[in-house]
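Have a look at the structure below, then the notes.
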């Protein structure tokens, strides 16, 4: 039986991905910062503690996999953050990049040697379409997801000769309730408050009408099981049309369309 590790498997995309992998007859190890507090755990998933903001926690978790052949690693856990660039606290930026980027890269680095030695493995980074279509007041989140895609796209050329494939899945708007957990940084007297409020309201509305986590999970499953995975899979938010438009239209036009769709012009 193949084994998959899914970070952030207690809710949202991570939970749906764990369910999809179980249905596909994987043994699934799901992570949570406190595995004992997982509400309504997915039947069959083996939950383990992992705090991606802690290098020590990552090392302990990876050491616990030393006798396990990990076939698939799904780097999913993360924080959603928003705020004007000018007002983002340094400690919030550091936390976001530690959790959304560095933690996943450190975990991947610890799991890759065994995959390379066996000459097989799949690593899926769960990004965001905002990495391809950036949005005002999401600069930190966009940058973190773009960083993940950069690591995956470049390093896949290093690992492919060893039978290990890295890929990125970029979901668009998803109805997972994430908007309630998004961290916001905006001063009461901020000169950006009006535009920020308009953008976040539009963002919340789009997410409430977005695709389900289950649809994203099926795309992740496809990326994890394809014989030759694509470098990038995009799902939701009319992905085929908007990526085609990006190839055909000037960047300034794409930026203008994005701004208008979120009430910024």
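None of the figures in this text is laboratory data; all of them are computed from the coordinates on show. A quick note: this is a predicted structure, and the numbers were derived from the prediction, not measured. When we count neighbours, we look across all protein chains shown, and the Cβ atoms used for this are built from the backbone with ideal geometry, even at glycine.
Every residue, every condition in (1) surrounded by fewer than 22 Cβ atoms within 10 Å (Cβ to Cβ); (2) assigned to a helix (DSSP H, G or I), yes or no:
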| position | (1), (2) |
| --- | --- |
| 92 | yes, yes |
| 97 | yes, yes |
| 103 | no, yes |
| 112 | yes, yes |
| 117 | yes, yes |
| 124 | no, no |
| 135 | yes, no |
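Would you call residue 214 without any contact (Cβ under 8 Å) to a residue 40 or more places away in the chain and touching a helix residue (DSSP H, G or I) at 6+ places or on another chain (Cβ under 6 Å)? So that I can check it myself, show each step before the final result.
On the way: without any contact (Cβ under 8 Å) to a residue 40 or more places away in the chain: no; touching a helix residue (DSSP H, G or I) at 6+ places or on another chain (Cβ under 6 Å): yes.
No; evaluated as a whole, the condition is false for this residue.
Please specify each residue of the range 2-29 satisfying the condition of being without any contact (Cβ under 8 Å) to a residue 60 or more places away in the chain, on the phi < 0 side of the Ramachandran plot and more than 15 Å from the chain's Cα centre (by Cα).
Selection gives 22, 23, 26, 27, 28, 29.
Just for the range 152-172: of the residues that are under 22 Å from the mean Cα position of the chain (by Cα) and surrounded by fewer than 19 Cβ atoms within 10 Å (Cβ to Cβ), which one is nearest to residue 128 (Cα to Cα)?
Looking only at the range 152-172, we keep the residues that are under 22 Å from the mean Cα position of the chain (by Cα), and these are 152-160, 164-172.
When the remaining residues are screened for being surrounded by fewer than 19 Cβ atoms within 10 Å (Cβ to Cβ), the result is 153-160.
Working: 153: 14, 154: 17, 155: 19, 156: 18, 157: 21, 158: 23, 159: 23, 160: 23 Å.
Looking at residues that are under 22 Å from the mean Cα position of the chain (by Cα) and surrounded by fewer than 19 Cβ atoms within 10 Å (Cβ to Cβ), I get 153.
Run residue 184 past the list (1) surrounded by 17 or more Cβ atoms within 10 Å (Cβ to Cβ); (2) under 18 Å from residue 141 (Cα atoms) and report the number of the one that doesn't hold.
Status for residue 184: all satisfied but (1).
Filtering the range 20-62 down to residues that are crowded, with 19+ Cβ neighbours inside 10 Å and out of contact with any helix residue (DSSP H, G or I) (no Cβ under 6 Å at 6 or more places or on another chain), which residue is farthest from residue 8 (Cα to Cα)?
26
Taking residue 191, is it exposed (fewer than 14 other Cβ atoms within 10 Å of the Cβ), touching a strand residue (DSSP E or B) at 6+ places or on another chain (Cβ under 9 Å), more than 24 Å from residue 22 (Cβ to Cβ) and free of Cβ contacts under 8 Å to residues at least 40 places away in the same chain?
Working: exposed (fewer than 14 other Cβ atoms within 10 Å of the Cβ): yes; touching a strand residue (DSSP E or B) at 6+ places or on another chain (Cβ under 9 Å): no; more than 24 Å from residue 22 (Cβ to Cβ): yes; free of Cβ contacts under 8 Å to residues at least 40 places away in the same chain: yes.
Judged against the criteria, residue 191 is not a match.
Scan the range 8-20 and tell me whether some residue there is in contact with a strand residue (DSSP E or B) (Cβ under 9 Å, 6 or more places away or on another chain) and over 17 Å from residue 216 (Cβ atoms).
No, every residue in the range 8-20 fails to be in contact with a strand residue (DSSP E or B) (Cβ under 9 Å, 6 or more places away or on another chain) and over 17 Å from residue 216 (Cβ atoms).
Would you pick out the residues in the range 221-235 that are within 16 Å of the chain's Cα centre (by Cα) and either under 18 Å from residue 20 (Cα atoms) or not in a loop (DSSP other than H, G, I, E, B) (or both)? Lay out the reasoning, then the answer.
If we filter the range 221-235 for residues that are within 16 Å of the chain's Cα centre (by Cα), which is where we start, we get 221-224, 231-235.
Hits for the range 221-235 are 221, 222, 223, 224, 232, 233, 234, 235.
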